[in-house]
Each structure stands twice: as structure tokens, then as C-alpha cells.
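Have a look at the structure that comes next, please.
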Amino acid sequence: MKSAQDELEIQVTREHALELLHEMLRIRRLEEKAAEMYSLGKIRGFLHLYIGEEAIAVGAIHALGPEDAIVATYREHGHALARGISMDAIMAEMFGKANGCSRGRGGSMHLFDASLRFYGGYAIVGGGLPIAVGLALADKMQGRDRITACFFGDGAVAEGEFHESMNLAALWDLPVLFLCENNYYAMGTALERHQSQTDIAFKARAYAVGSETVDGMDVLAVEAATRRAVDTIRRTGKPYLIEFKTYRFRAHSMYDAELYRTKEEVEAWKARDPIAGFTVYLRDAGWLSDADLATIETDVAAEVEGAVTFAEAGPWEPVEDLAKDVCTIPAR
Amino acid sequence: MGTKIQTTYREAVKAALREALQNDPKVFLMGEDVGRYGGPYACSKGLLEEFGPERIRDTPLSESTFVGAGIGAALGGMRPIVEVMTVNFSLLSLDQVVNNAATLRHMSGGQFSVPVVVRLATGAGRQLAAQHSHTLEGWYAHIPGIKVLTPATVDDARRMLGAALLEPDPVFIFEHAMLYPMEGEMDETAGPADITRAVVRRPGRDVSLITYGGSLGKTLQAAEELVADGIEAEVLDLRVLRPLDVDSILATVAKTHRAVIIDESWRTGSFAAEISAQIMERGFDHLDCPVQRICSEEVPIPYPKHLEDAALPQPYKIVDAVRRMI
């Protein structure tokens, strides 16, 4: 695995580093609050927490430009927040309120924001990859210098759409950045139990797609690798894949007995917590004091409380609007 | 009125594609063998030479991904026409249709349009056996969020594509494979078709024969045969399965008081069942007798001609049903 930390150390400013920490903490605290709201019955349906994987969304999305597009999965609160959808709109969406980022119609798995080119959370595993290929095709055909970043998990790699999308993006030289969040489990099925070849980056090369494997628990490594990949895509116009090794600390969704993995394994990965690790790194560098961290945590806590208030206060979409926007012109 | 010319359904589709490509630089065609091969049904023959490989794109055999890419390209501001060679292969891309194309506008709270047009050949009748003879447009018509067109005439083949390209939502055009060599009249200059209404193709007073797509010709033939019995059948071509023009269905039933629905899909859960239910719910008082359905038999479509013929709706089956009814 490549570690970009060394090469980037001198380039990263304290301000930027603290921003990355702040962003990761926003995701962590938002999701902790979401779990609490779930247990109170304020959030229903499926709620897939990203806790443990925050470094990927924060690092990768920081390396993208505002004109680039993002396609994400059903575990996409972190991507939405890192992209700039407000915590208010995300929490309200999870509450199902009309002031949510999808008017409350999508819920946790379907966060959208057209203005941020955030093309949403896709809840059929692998279903977002062809969409990303098409977005990149549209950009290429219209001569726009944009990249489409597509997040997906290791589970999606078993889907035919992964292989078809790799092939088509490479065949047509489309600017897609495939970002695999390999958290070692397709729901409850371990990577070695669902893949004959567990090296995902290697698979990409079979389609003539350049690729690499990166430590997904290291936000600086994630950002550096993504910046390099973005640069490569902008220069070559060809797709690229990064496999991030990561781990999901929480259950797959909210109810999960976790029979498929051991406590020891979970604890070993938690020892590599991307936020705790980065905090230590920043302290060692002399960039983060107790007071700095307290300030960030206080800011984030206020934002989270504000998001809950916003969601609570949000209106329900009127039932009369149920069939609105099925088609542009309603069916008779 | 414009100039009416005699041509084939295949040429009408091609003329529609050419016009669409000429009119809008954002329009492009992609699908299996649409380019060098000239289209599996020769509907795009010559278009690669005319418009180039950027706009006439041969795809790998990856239905799910090229339909999904069509959805993505539509989200990204293009105006894709995706050709899925046949409805049989579209089973591999159904997830993209049901979960993405049909949902994105509603699920995003109205933020996204998916202006993609998907064309598919459908239907049986060419001795292609069980895996190449499906009629599944009724499945597609089940899905809110998309529109389903079934051009049954040369003129509709020519003019429905233009109408579909004016829609901001996903439109699926089912072209019955038996129709491609059919000759008919088309209006070269009439512009996009009205895709909101069913059309009476033959007026009558005694019974309403309600059909669409590849069954229209068989139904018109049955109606002519019934003249010998003194029966004047009205033939309604639905043209659009979603959104369904229920008013036109009710209007013909109110006129004739009898209805037979001809639909090549399997009887159980067929689109014909939906039409029948609409008549029961909203037109029951008009009926003199129960609604009848002529559908495909409940078998995988067999290869030998006599068995395939027996499995599908045929004029004699329609005639028999009407005679029993009157």
C-alpha cells in the first residue's frame, strides 16, 4: 500500500489539516446523532452508518472540483456532507421532512443535490456505476473538463455492472474516477468469501484501467492519492480506480448481530480509527492543542443540535403532493 | 397537411432517427450493433457514415451498463437514444429502468430529469423460440415514472420518436419485430405525433376490439372478416400504454357495449387485464356482456411454426371470440 503522508507532509498546511479533521468529525458526530434519532424513532427505514470510513469521503472529495460530479452508495451521509450538502438538509432528509435535501422522499439512502452535482445515493449495489459512466460520457461529448467520481463498496465488485462499467469507461476513454471503499464485507459476507481474487485494484488493470491501493484510514493518503488520480484523468481522459482499504465500525445497518466477524477484528480496526489517528498525528506535529480540539468539537456539536432542530421543525410534504414529480406532467 | 409517402416501418424508424440526429446535436444513438452492422433490424443503416462514431455508438453486450449510461448521459445534459436490441435482452437492464430511470425525479424531490429514450424490438412470430419471443411491454407499463409507446403504424414509427424526444422523462418505445418490413403511409412533414391519445383505426358499432403494437394488423384483419357476419367492429389502437388513455377506451365501450382486448402478452397479469379492470371500474354500466381477452397461451413460445401460431393471438381467435359474444 502506498502512503502519501510523507510526500505531502510539507505541503499540508495546518489550516487544511484542521479542516480535514473538522470534516471527519462532522460526519462522525452527525452519524452518532442519527443513530440516537433512530433509536428514538425519528429516523426509520434503513440507516447505514459510515463510522470508521470518514477519511475516504473527506480526503477524496477535497481533491475534486466543484464542477466534478459525485455518484455514491446507500452509505452516503459522509459523502453528502463532505460535498457540501448542509447537515440541516441531511438530517431533515433522514427525518423524512420536506426541508430535506430530497424533499424527504429519499431518506438516508437517497440524498441528492443537483446544485452540487451530487447525483445521489444508490441503494442497489453496483447500480450507480453505469450512471457515473453516463455522466462522464455526457461531459466528454460536450467537451467539458469534468470528472465523475463514483463511490462503491467491495460488494459491488461482484456485480456485473462493475465489470461492464470498467470495460465501457476504458473502451470509450471516459473520465470516471472509480473509488472502491473496500471495508472487507459485502453486508455480512467477507471479501475472501465473495471474491476469487481479493485484490480489487488488480481487477481494474484487467480492463486497462489504471489503479492503486491506498490506506483508507489515512485522510492525507486518501487526499493525495485522489489528487494524483484526478490529475491523471484530466491529463489522459481515461478512467482510474483507487481501492481504499477501510473498515466499518458499526453494524451493516442499525440491526445486525454481527455474527460474521469477531470482536477482536473490530477492535483491531478501531485501533486504526482515522479520526483518532489523525488527531494524534496533528498533536505530534504541534498543530492541534486540547483547546483547538475542544473548539472544533463544540462547533460540530452546535451544528448537530441545529440540524436536529431544523429537522424537527421541518414540514411534512402534503399528501396531496404524493404523485408530484413522478413525471414532469402528471399522468391522468 | 404535409406530403404523404409510402414506405416501410423500418425506413420510418430510420427517418425518425436521422431527423432527431439532425435537429439536435445533443442527440446520439447507442446500442448493440447500431453502427457498423447497421442495426440488428437495419434501422440505423448508413447513420454511422452520416453522423460518425461519436453519435452512433456501438456498445459492448452490456445491457445494464449502456442503459444506465444512457440514464447518466441524460442526467448530464445529453439526449440519448438507447437501442436495446430486443426486449428479451432488456431483462438484463431492468434494474436500471425500475430503480434509476423511473425513480430519480420523484426520489430526488424533483431535482433531476432523465430525458432518455429507449427503443426495443418486441414480440413473437418469427420462429425464434422461447428466449427471443417475449412480449414484456406490459411489465414496463407497470412502472410509474416512465412512458411506454407502442407504434403500430408506419406513421407512428416515423413520428413517435420526435414526440418522445420532447418529453423530459424516460420514454420506452416498443417496436414489434414483425412490423419492420410492413409498408404503410407516413407524413414526412407532420412533426411529432400526439402521444397522449389512443386512436380509432376502424370505426364500428357492434364491438370494440382494443389492441396495440404488433396485434393491430391481426385485429384489423379480424374486423374485416367479421363484416361477412354483419358485424361492424371498432378497432382502438392504444398507441401509448403509460399513461393510458382510459377515456378513449371508455368512449368506444360506451358506443359498442362490448369489448375484446387483443394483447400478445401472456394472459395472466397481462396488460389486457389492466384494460379489462379499467373497463370494469369505470365502464361497467356500458357493458352488455363480459369483457373478453385474446392473449398468448401460457407457454414459453415454441419454435415450430404451427405451435408458435397456436400460442399467439390470431385473427380467427378474435373472430371466434366476437361471434360467441354477439
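The values are calculated or read from the model by the stated rules, or taken from the named source; none is laboratory data. This is a predicted model, so every value here is computed, not measured. Here the Cβ positions follow ideal geometry from the backbone for every residue, glycine too, while neighbour counts run over all protein chains shown. Side chains included, ligands, DNA and RNA excluded: accessible areas come from the protein's heavy atoms. Shrake-Rupley method; radii C 1.70, N 1.55, O 1.52, S 1.80 Å.
log10 I(q)/I(0), Debye, Cα-only the protein assembly as shown, no solvent, q = 0.08 Å⁻¹?
At q = 0.08 Å⁻¹ the computed log10 ratios are -0.66.
OK, next. Can you give the Rg to Rh ratio of region B:93-228, both from alpha-carbon atoms, with Rh computed by the Kirkwood formula?
That ratio equals 1.01.
Could you check how many percent of all C-alpha pairs in region B:19-97 are farther apart than 17 Å?
42 percent
Out of the DSSP beta bridges found with both residues in the protein assembly as shown, what percent are antiparallel (nearest 5)?
Given both bridge residues lie in the protein assembly as shown, the antiparallel proportion sits at roughly 20 percent.
Determine how large the accessible area of A:HIS48 is when every protein chain is in place; take a 1.4 Å probe and give Å² rounded to the nearest 10.
10 Å²
Bin by bin, in steps of 5 Å, what percent of the Cα pairs in region B:172-252 do you find, going until the bin that has the longest distance?
Histogram of Cα-Cα distances, whole percents per bin: 3, 13, 21, 23, 20, 13, 5, 1.
Same structure again: Just by accessible area at a 1.4 angstrom probe, what is the order of A:ASP113, A:ASP231 from largest to smallest?
A:ASP231, A:ASP113
What are the GluC sites (Glu not before Pro) within region A:245-325 that DSSP puts in a loop, where the Cβ has at most 10 other Cβ atoms within 10 Å?
Counting only loop positions with at most 10 other Cβ atoms within 10 Å, none of the GluC sites (Glu not before Pro) in region A:245-325 qualifies.
Turning to a different aspect of this structure: Could you compute Rg(Cα) / (2.2 N^0.38 Å) for region B:4-187, with N its residue count?
Expressed relative to 2.2 N^0.38 Å, the Cα Rg reads 0.96.
Find me the longest stretch of chain B that has none of the exposed GluC sites (Glu not before Pro), where exposed means in a DSSP loop (not H, G, I, E or B) with at most 15 other Cβ atoms within 10 Å.
With a cap of 15 other Cβ atoms within 10 Å, the longest stretch comes to B:55-187.
Now for a different question. At 1.4 Å probe size, put A:SER115, A:SER253 in order of accessible surface, largest to smallest.
Descending accessible area places them as A:SER115, A:SER253.
So which lysines pass the test for A:LYS238, namely a Cα distance under 17 Å, with those fewer than 8 places away in the same chain ruled out?
Hits, sequence-local ones excluded: A:LYS140, A:LYS203.
Could you give the length gained on full extension between B:ASP194 and B:ALA277, defined as 0.36 nm per residue of separation minus the Cα-Cα distance, in nm?
Residue separation times 0.36 nm, minus the Cα-Cα distance, leaves 27.4 nm.
Report, in order of residue number, the helices in chain A meeting two criteria: a C-alpha extent of 24 Å or more along the helix axis, and a mean Kyte-Doolittle hydropathy of at least 0.0; treat each whole DSSP H run as one helix.
Taking the DSSP H segments of chain A (at least 24 Å long, mean hydropathy at least 0.0), we get A:219-236, A:290-313.
Sticking with this structure for a sec: Cβ under 12 Å from B:GLU264's Cβ, B:GLU264 left aside: what net charge do those residues give with Lys, Arg +1 and Asp, Glu -1?
Around B:GLU264, the charge tally is 0.
Pull up the DSSP beta bridges for chain B and report the antiparallel fraction as a percent, rounded to 5.
25 percent
Heavy atoms only, probe 1.4 angstrom, no DNA, RNA or ligands counted: give me B:TYR303, A:TYR50 ranked by accessible area, highest first.
B:TYR303, A:TYR50
Quick one: divide the alpha-carbon radius of gyration of chain A by 2.2 N^0.38 Å and tell me what you get.
Cα-based Rg divided by the globular estimate yields 0.98.
Oh, and also: Zone of B:HIS142 (label point 7 Å along Cα→Cβ, backbone N under 14 Å): which residues in region B:251-269?
B:265-269
Next up: Which whole-number value in Å³ per residue fits the convex hull of the alpha carbons of chain B?
It is 133 Å³ per residue.
Compute the helix-to-body angle for B:271-283: its Cα long axis versus the longest principal axis of chain B, expressed 0 to 90° and rounded to tens.
Here the helix axis deviates by roughly 60 degrees.
First check a/c for region A:110-178, with a ≥ b ≥ c the square roots of the eigenvalues of its C-alpha gyration tensor; if it is under 1.5, answer rounded, and if not, answer prolate when a/b is larger than b/c or oblate otherwise.
oblate
Any idea what log10 I(q)/I(0) is at q = 0.14, 0.20 Å⁻¹ for region A:117-253, Debye with uniform C-alpha scatterers and no solvent?
Treating every Cα as an identical point scatterer, log10 I(q)/I(0) equals -0.59, -1.22.
Output ³J(HN,Hα) for region B:104-116: one whole-Hz value per residue in order, computed from phi by the Karplus curve 6.51 cos²θ - 1.76 cosθ + 1.60 with θ = phi - 60°, and x for Gly and Pro.
4, 5, 5, 5, 8, x, x, 7, 10, 9, 10, x, 10
Here's a follow-up. Restricting the count to DSSP beta bridges whose residues both fall in chain A, what percent are antiparallel, rounded to a multiple of 5?
10 percent
Looking at the square roots a ≥ b ≥ c of the eigenvalues of the Cα gyration tensor of region B:68-119, which shape do they give, rounded for a/c under 1.5, prolate if a/b is larger than b/c, or oblate?
oblate
Can you give the average number of partner chain beta-carbon atoms within 10 Å of each beta-carbon in peptide B:18-29, as a whole number?
1
Report the label-to-label distance for B:LEU307 and A:GLU36 in nanometres (one decimal), using points 7 Å from each Cα along the Cα→Cβ vector.
6.8 nm
Please give, to one decimal in nm, the separation of the simple spin-label points placed at A:GLN142 and A:ARG234, each 7 Å out from Cα toward the Cβ.
Taking the simple label geometry, A:GLN142 and A:ARG234 are separated by 1.9 nm.
Something else about it: Determine by what factor the alpha-carbon radius of gyration of region A:236-280 differs from 2.2 N^0.38 Å, reporting the quotient.
Normalised Cα radius of gyration, region A:236-280: 1.61.
For every helix of n ≥ 4 consecutive DSSP H residues, a contribution of -39,500 (n - 2.57) applies; sum these over the protein assembly as shown, divide by its total residues, and give [θ] at 222 nm rounded to the nearest 500 deg cm²/dmol.
The per-residue figure over the protein assembly as shown is -12000 deg cm²/dmol.
Restricting attention to the alpha-carbon atoms of region A:54-210, what are Rg (one decimal) and Dmax (integer), both in Å?
Considering region A:54-210 through its Cα atoms, Rg and Dmax are 15.5, 45 Å.
Now, a different point. In the P(r) worked out for region A:42-146, what percent of Cα pairs fall beyond 16 Å?
57 percent
Is there a simple number for the mean count of other chain Cβ atoms within 10 Å of the Cβ of residues in A:321-327, and what is it?
Other-chain Cβ atoms within 10 Å of each residue's Cβ, averaged: 6.
Take the eigenvalues of the Cα gyration tensor for region B:199-325, scale each by 5, and report the square roots as semi-axes in whole Å, largest first.
Semi-axes (√(5λ), whole Å): 22, 17, 13.
What is the mean number of Cβ atoms from other protein chains located within 10 Å of the Cβ atom of each residue in peptide A:119-129, rounded to a whole number?
Partner Cβ neighbours, averaged per residue: 4.
What range in chain B is the longest one free of trypsin sites (Lys or Arg not before Pro) that are in a loop by DSSP and have at most 14 other Cβ atoms within 10 angstrom?
Counting at most 14 other Cβ atoms within 10 Å as exposed, the longest clean stretch of chain B is B:37-125.
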